[in-house]
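Okay, so here's the structure we're looking at.
The values are calculated or read from the model by the stated rules, or taken from the named source; none is laboratory data. Everything quoted here is computed from the prediction, not taken from an experiment. Note: ideal-geometry Cβ built from the backbone for every residue, glycine included; neighbour counts use all protein chains shown. What goes into the accessible areas is simple: the full protein's heavy atoms, side chains included, and nothing from ligands, DNA or RNA. Shrake-Rupley method; radii C 1.70, N 1.55, O 1.52, S 1.80 Å.
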Amino acid sequence: MSRRAHAGRSIRSPVRGSRVSIDRIAVIGAGAWGTALANAGARAGREVTLWARDPASVVALTTTRESPRLPGIKLDRRVAATGALVDVAGADAVLLVVPAQDLRTATLALAPHLAGGVPVVACAKGVERGTHKFMTEIIAETLPAALPAILSGPSFASDVARGLPTAVTLACADEQVAALLARVLGSQTFRPYHTTDVRGVEIGGAAKNVLAIGAGIVEGRKLGASATAALVTRGFAELARFGRALGARTETLTGLSGFGDVVLSCSTPQSRNFSLGLALGAGREPDGKLAEGAFTAAALVELANQKDVEMPIAAAVACVLDGSLSVDAAIESLLARPLRAE
């Protein structure tokens, strides 16, 4: 049996009772991450339709085979760009690669074009403001006939687009679907590990973004490597505490989508969240690039408060972002906390 035939073979989902066969993938969102995942899917042997909202992006992707968001990186020949959602109607799986706060709008627009039983994979990391819902909860609410899944983990778009070695986590409540999605997206350089711990994967991705802003603030304020190590360690303790309160598994929180993503996002300005914190800590204007943690911070803290989970670092970051605390006051509030057992 060929690799393509094996990877795309059909299974029957015990959760939905629907037949799932994955050979054609639709990627909704042609930003840097969406373009990178389109290339990853094509590299794995799938036929990929990449939907872009901006007509100019569709023209550029079609004529130059290059994304304005990833200059110098060519789009794989098996990726077809489109601006019409109707073109994704025949997809066997959909990757939603839009910002977390726009995911609900995207799913509602997608609903008339989606067949029942199709896996819909959220590729954004965050918590919806107002509702405090995670990405797969939004998918389940707005696309009730879909199979919600989430892809997360330590990955930069440019690395994935270029085919540099990357490992991520793909979660779906249906273990067979999770394993199938991992196989059809996996290649020699893009390695998805699968799990059924959907909430654990979502918590890691959302919380690490907020933590990365805090790490960037420490770096921008030039507080030293010791302070950075302390903040990241105690921040990860917050992430794990919050995760356990919501039923996440320890191995997920300490895996790629939790600790692994913390390591990446809290260590380099290539992370948009770290870069935002860096600017805030240095007293500079942010570069204007989307940093999911800026929108997730308040929602994360509100949800933690509802669950009676203490997250002082995340709370301090949220206060800096909404202007209720200065950077120095936020740092002082953390340093003035009573000493306690670890």
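Here are a few things to note about the model shown:
- Along each principal axis, taking the top coordinate minus the bottom one, the Cα set of segment 147-194 gives 30, 17, 13 Å in descending order.
- Here the peptides 175-188, 228-241 are ranked by packing, the mean other Cβ count within 10 Å, and the order with the highest first is 175-188, 228-241.
- Volume of the Cα convex hull of segment 70-124, divided per residue and given in Å³: 105 Å³
- Solvent-accessible surface (1.4 angstrom probe) belonging to H113, in square angstrom, nearest 10: 60 Å²
- Counting only residues at least eight positions apart within a chain, or on another chain, the lysines with an alpha carbon under 25 Å from that of K125 are K133, K208, K289, K307.
- In degrees, nearest ten, helix 312-322 long axis to first principal axis of the chain (Cα): 80 degrees
- Segment 34-56-segment 173-207 distance, computed between alpha-carbon centres (Å): 19 Å
- Global geometry of segment 30-97, whether rounded, prolate or oblate, following the gyration tensor of its Cα atoms and the 1.5 cut on a/c: oblate
- Computed lengthening from A115 to T63, 0.36 nm per intervening residue step minus Cα-Cα distance: 15.7 nm
- Stokes-Einstein D (µm²/s) once Rh is taken as the Kirkwood radius of segment 253-341 over alpha-carbon pairs, at 10 °C in 1.306 mPa s: 111 µm²/s
- Segment 135-154 versus segment 259-316: alpha-carbon centroid distance in Å: 23 Å
- Nearest-20 debye value, segment 14-149 charge dipole, Cβ charges on Lys, Arg, Asp, Glu: 240 debye
- Averaging 1/r across all pairs of distinct Cα atoms in segment 188-247 and inverting the result yields a Kirkwood radius of 13.0 Å.
- Computed magnitude of the charge dipole of segment 80-204 (debye, nearest 20; Cβ of K, R +1, Cβ of D, E -1): 240 debye
- Cα convex hull volume per residue for segment 161-260 (Å³): 105 Å³
- Debye, to nearest 20: dipole size of the chain, +1 on Lys, Arg Cβ, -1 on Asp, Glu Cβ: 980 debye
- To the nearest ten degrees, helix 175-185 and the longest principal axis of the Cα atoms of the chain are 80 degrees apart.
- The calculated P(r) of the chain, using every Cα pair and 20 Å bins from 0, goes 33, 56, 11, 0 in percent.
- Additional length obtainable on full extension of the chain from V263 to L246, 0.36 nm per residue less Cα span: 3.9 nm
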